1. Quick one: how many residues across the range 262-320 are more than 21 Å from GLN107 (Cα to Cα), surrounded by 20 or more Cβ atoms within 10 Å (Cβ to Cβ) and more than 12 Å from the ligand (Cβ to nearest atom)?
2. Take the conditions touching a strand residue (DSSP E or B) at 6+ places or on another chain (Cβ under 8 Å) and either over 24 Å from GLU78 (Cβ atoms) or within 15 Å of the ligand (Cβ to nearest atom) (or both) and apply them to ASN211. Does it pass?
3. Within the range 172-180, is even one residue away from the ligand (no atom under 16 Å from the Cβ), open to solvent by 20 Å² or more (accessible area, probe 1.4 Å), among the basic types (Lys, Arg) and closer than 19 Å to PRO232 by Cβ?
4. Of VAL477, VAL538, VAL515, which residue is surrounded by 13 or more Cβ atoms within 10 Å (Cβ to Cβ), modelled with pLDDT of 90 or more and not in a helix (DSSP H, G or I)?
5. Quick one: which of LEU556, LEU620, LEU613 is within 30 Å of GLU677 (Cβ to Cβ), open to solvent by less than 40 Å² (accessible area, probe 1.4 Å) and in a helix (DSSP H, G or I)?
6. Here is a check on your reading of the model: is VAL187 outside any helix (DSSP H, G or I), buried (at least 17 other Cβ atoms within 10 Å of the Cβ), at pLDDT 95 or above and within 15 Å of the ligand (Cβ to nearest atom)?
7. Check ALA42 against each of (1) within 16 Å of the ligand (Cβ to nearest atom); (2) within 36 Å of the chain's Cα centre (by Cα) and name the one condition it does not meet.
8. How many residues are more than 14 Å from the ligand (Cβ to nearest atom) and of a type in the set (Lys, Arg) if we restrict to the range 86-103?
Amino acid sequence: MPDSPIPSAPADAAERVGWLRAEIARLDHAYYVLDAPLVPDADYDALYRELQALEQRWPQLRSADSPTQRVGGMALPEFTPVRHRVPMLSIRTETDTTPQGAVGFDQRLRNRLGLDDAAPPIAYQAELKFDGLAISVRYEHGVLVQAATRGDGETGEDVTQNVRTIRNLPLRLQGTVPGVLEVRGEVVMKRADFLRYNQAQRERGLATLVNPRNGAAGSIRQLDPRIAAQRPLSFYAYGWGDIADWPGQPDTQHGMLDAFARMGLPVAAQRVHGAGAGVLVDFHARVLAERDSLPFDIDGVVYKVDSLALQAELGFRNREPVWAVAHKYPAQERSTRLLGIEVQVGRTGKLTPVARLEPVFVGGVTVTNATLHNEDEVRRKDVRVGDTVIVRRAGDVIPEVVAVVPDRRPLGAPVFDLHALLHGACPVCGSQIEREPGEVDWRCSGGLYCSAQRKQALLHFASRLAMDIEGLGEKLVDQLVDAGLVRALPDIYALRAEQLAELPRMAARSADNLVRSIGGSLHTTLARFIYALGIRHVGEATAKELARHFGGLQALLDADVERLEQVPDIGPVVAQSIHTFFAQEHNREVLRQLLGAGIHWDETAGEVVSRHLDGRTFVLTGTLPTLAREQARQRIEAAGGKVSGSVSRKTHYVVAGAEPGSKLERARELGVEVLDEDALLRLLQPPAGAAEGAS
Ligand code: IVH
């Protein structure tokens, strides 16, 4: 085939491509570096697609610094070594983690420089110590040409392809740029990006990252740049290596970083410069307070002599700069061994698996327990007893197990199973434990019987919409339980004023008042009483419905799940919860004791009710003039009757409305009594004096 000359791109296409690249770089900078997007995502996407199309149409316009080329090359067989022209050194760590560490650093430098107390203070810059992976990024005439890891400091690995995928790192620098500039800094994964990435992975059933630092380091070391491109990484500049042809190069550390920022490089906002150790001490304290709200993890701060001339004078010792020091904060993550898993019962009955750990110093304290949140979390992280685990404690947050070190697992460690571990019983009270569909937590069904839930149960029992015991609030409940005066709900009714008066801060009069309001609560309503029991999912409205539907406590106690589900607004989950509660002998015992203490209610208070239709079977057919089918059924059941779907010899009544079906015919055949709505309503009226007693 004869060679056909490649047509050169028209000048207007070349111009447009140049403009698009600059515009996209400007928008990227605003979005990823300044955190201040300039246009809606859709506008950005349109520009990006236009550039892609033009580059496709005119291949000779393609270039490595185009924003479309962040993910370019193919997977590599291995990384190429890169020799650093200026070695990448590490810095000394100040061992004194108190603010005095900064003062000590300043003092050593003053001694070394022969400055007496009268000499002026040294100017410093304080920066964050990023907790990620150090890299060096080489720009030639403003274009990113190479990126390398630190390696042993002399030779690193060429990770250019992966580093190009870091969205806040410019592929081309802005403004007047040096002939050569090697920018040094840290690749990190912001915490929000880390959480979002892991969440998405979890949803797809894919592997998650252990922590942001591993996420950053692992991504840069991927041989396939497409994998790195999917990881949300960020870069922050803090230093430099090789520099050439930079007229007007700044002469201070802070001036250098300011210049970097002007070129479009990401530089963290958290840095200060000023004279004397005080600036450093303040920065140390301020950043420590802000640490947990920073968008990324840090492991301390770094102090640097600000003047580059003074840096050069102080030089290096043992391959570490004399002019810089890292002042670390206590580590927030450490590894240790998981000795066992215990289950704690919370105030609401929630069962939380808790890791018992070999003691480890993390986040400034010795940690021996860490939360495992719930069974799903334990399984997802595949945490097993005997594992080496990574424990995190940030700020005031409860320590948690974030991951396991899989290759250090002892042989035969079984998968965690909360139900099996507890043999299905609450570790505090022995009640059955349950986990509802769609819920992550197992719970103790003991409620008021479970001493772990005692305070909560008491408080609820006494609350205004329940038994309404005035004066029995949080403080008093704490006192009563802590003093051992109340172990179970019925104990409330045995309290005597003399006992109460002995409690701290309890006046004799308040004690009398309390005893009076406890006594007053004995007379209540069935709905309040049901609500007061604190059955899971049984709120005030449900309690009223139950009281109305069943009329008396015994009918409620006798109801099976099916029957409970017939109560309006009660679904399978709530029905099951009520049934489990009343099925447990110890809960029934509490009920007996409460009623024995004198709790009672009368049924004439409009809440029903008589069971005068007990044992009578009804069949409904056709449309009744005023009652909906469901209403009719409820009222029949509330009066003790049963509603069945088909007519048989055992049917007592068929209630027929308009357009009745074959059921009416059948009733006539069998000679079953047929009622219209009026007759039904009359039948539903309780005969005088039929109301049931309280117990
Ligand atoms: S300056 C010659 N500044 O900490 C001085 N390093 O041991 C070179 N690091 O692995 C380091 N934040 O990646 C410097 N603001 C900061 C830093 C920082 C994190 C890392 C760096 C290196 C280690 C120093």
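The values are calculated or read from the model by the stated rules, or taken from the named source; none is laboratory data. This one's a predicted model, so the numbers in the text were calculated from it and none came from an experiment. Neighbour counts are summed over all protein chains in view; Cβ atoms, including those assigned to glycine, are modelled from backbone coordinates with ideal geometry. The accessibility values were calculated without ligands, DNA or RNA, using every heavy atom of the protein model including side chains. Shrake-Rupley method; radii C 1.70, N 1.55, O 1.52, S 1.80 Å.
1. 4
2. Yes.
3. No: zero hits.
4. From the options VAL477, VAL538, VAL515, the qualifying one is VAL538.
5. LEU556
6. So VAL187 passes the test.
7. (1)
8. Total satisfying the criteria: 0.
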